[in-house]
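One structure is given below, encoded as structure tokens.
The values are calculated or read from the model by the stated rules, or taken from the named source; none is laboratory data. Predicted model only: the values in this text are computed from it and were never measured. A quick note on method: Cβ atoms are made from the backbone with ideal geometry, for glycine too, and the neighbour counts reach across all protein chains shown. In case anyone asks, the SASA skips ligands and DNA or RNA and just uses the protein heavy atoms, side chains included. Shrake-Rupley method; radii C 1.70, N 1.55, O 1.52, S 1.80 Å.
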Amino acid sequence: GAGVSQTPSNKVTEKGKYVELRCDPISGHTALYWYRQSLGQGPEFLIYFQGTGAADDSGLPNDRFFAVRPEGSVSTLKIQRTERGDSAVYLCASSLWRGQGENTGELFFGEGSRLTVL
Amino acid sequence: AQKITQTQPGMFVQEKEAVTLDCTYDTSDPSYGLFWYKQPSSGEMIFLIYQGSYDQQNATEGRYSLNFQKARKSANLVISASQLGDSAMYFCAMREGLRAGTASKLTFGTGTRLQVTL
């Protein structure tokens, strides 16, 4: 498809389990972002990639959270030893570099992965 | 200090009327961009409008316009001729450190819920 694709759309897991969330960005977008959105809140930045490397991971809340983008396209957000407080919608977005054509560097978002930790 | 402040948790507007959603921001970087996104109940984030810090004119996109007052550090969204389909959450966001060939994260506000009534 043409948009950002996220899987799974819904994930229910038990406290302490390991979870992986996948993001497939728009083809040609070199920047990829992960955000977390709790109910009634704005998206909270987690990490973003420029190509394969994490350019800014300052939003990751602790070392249970990790993300990779090994080939500069698909990314996986990994959460170890999940806690109930991790329950949220995890949004992935991609963008062009600013200056690639006439673009604002706007982020294109996927529909999110809703994580529920019981 | 909050980077992005949206002081209106909820707003009501009658169909066909105009409405202004407030946004103030805080940055010391001279090069930044301001974005507005719409998030309907379905959850997807939809880009509406962008304003660069060096843009001389206020941005407009169809029924959306951005009232950019740089000295006051405000970037209010104006929606003209409101429609029932405009009912949604609206988020203001900022990207700092705009330089060609780079990407950087967006920081979002807490959002304003707009309800359009008949």
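Among the lysines of the protein assembly as shown, pairs that are 8 or more positions apart or on different chains and have alpha carbons within less than 28 Å of each other number 18. The local environment of A:LYS78, defined by Cβ-Cβ distances under 15 Å, has a net charge of +2 under the rule Lys, Arg +1 and Asp, Glu -1.
In segment A:26-98, Cα pairs under 8 Å separated by at least six residues give a relative contact order of 39 percent. Note down the net charge around B:SER28, summing +1 for each Lys or Arg and -1 for each Asp or Glu among other residues with Cβ under 13 Å from its Cβ. Neighbour charge sum, excluding B:SER28 itself: -1.
Which one of B:TYR50, B:THR60, A:GLY53 has its Cα pushed farthest toward the positive end of the charge dipole of the protein assembly as shown, where Lys and Arg give +1 and Asp and Glu give -1 at the Cβ? With unit charges placed on the Cβ atoms, the residue in question is A:GLY53. Amide H to amide H distances under 5 Å link B:GLN115 with B:MET11, B:PHE12, B:VAL13, where only residues 5 or more positions off or on other chains count and H is placed in the peptide plane. For chain B, a Gaussian network of Cα nodes joined below 10 Å ranks B:ALA18, B:ALA93, B:ALA75 by mean-square fluctuation, and the top entry is B:ALA18. The dipole here belongs to the protein assembly as shown: it is taken about the Cα centre, uses +1 on the Cβ of Lys and Arg and -1 on the Cβ of Asp and Glu, and is about 380 debye. Both chains summed, the buried accessible area for B and A stands near 1800 Å², from protein heavy atoms and a 1.4 Å probe. Relative contact order for segment B:1-66: 23 percent, from Cα pairs under 8 Å spaced at least 6 residues apart, divided by residue count. The HN-Hα couplings worked out from phi for segment B:44-50 by the Karplus form 6.51 cos²θ - 1.76 cosθ + 1.60 (θ = phi - 60°) are 6, 9, 10, 5, 10, 7, 9 Hz, whole numbers, x standing for Gly and Pro. For chain B, the solvent-accessible area works out to 48 Å² per residue, with a probe of 1.4 Å and every protein chain left in place. Are there chymotrypsin sites (Phe, Trp or Tyr not before Pro) in segment A:17-78 that DSSP puts in a loop and that have at most 16 other Cβ atoms within 10 Å, and which ones? Sites meeting the loop and neighbour criteria: A:TYR18. Rounded to the nearest whole Hz, the Karplus-based 3J(HN,Hα) values (6.51 cos²θ - 1.76 cosθ + 1.60, θ = phi - 60°) of segment A:5-11 follow the sequence 10, 10, 9, x, 6, 9, 9, with x at glycine and proline.
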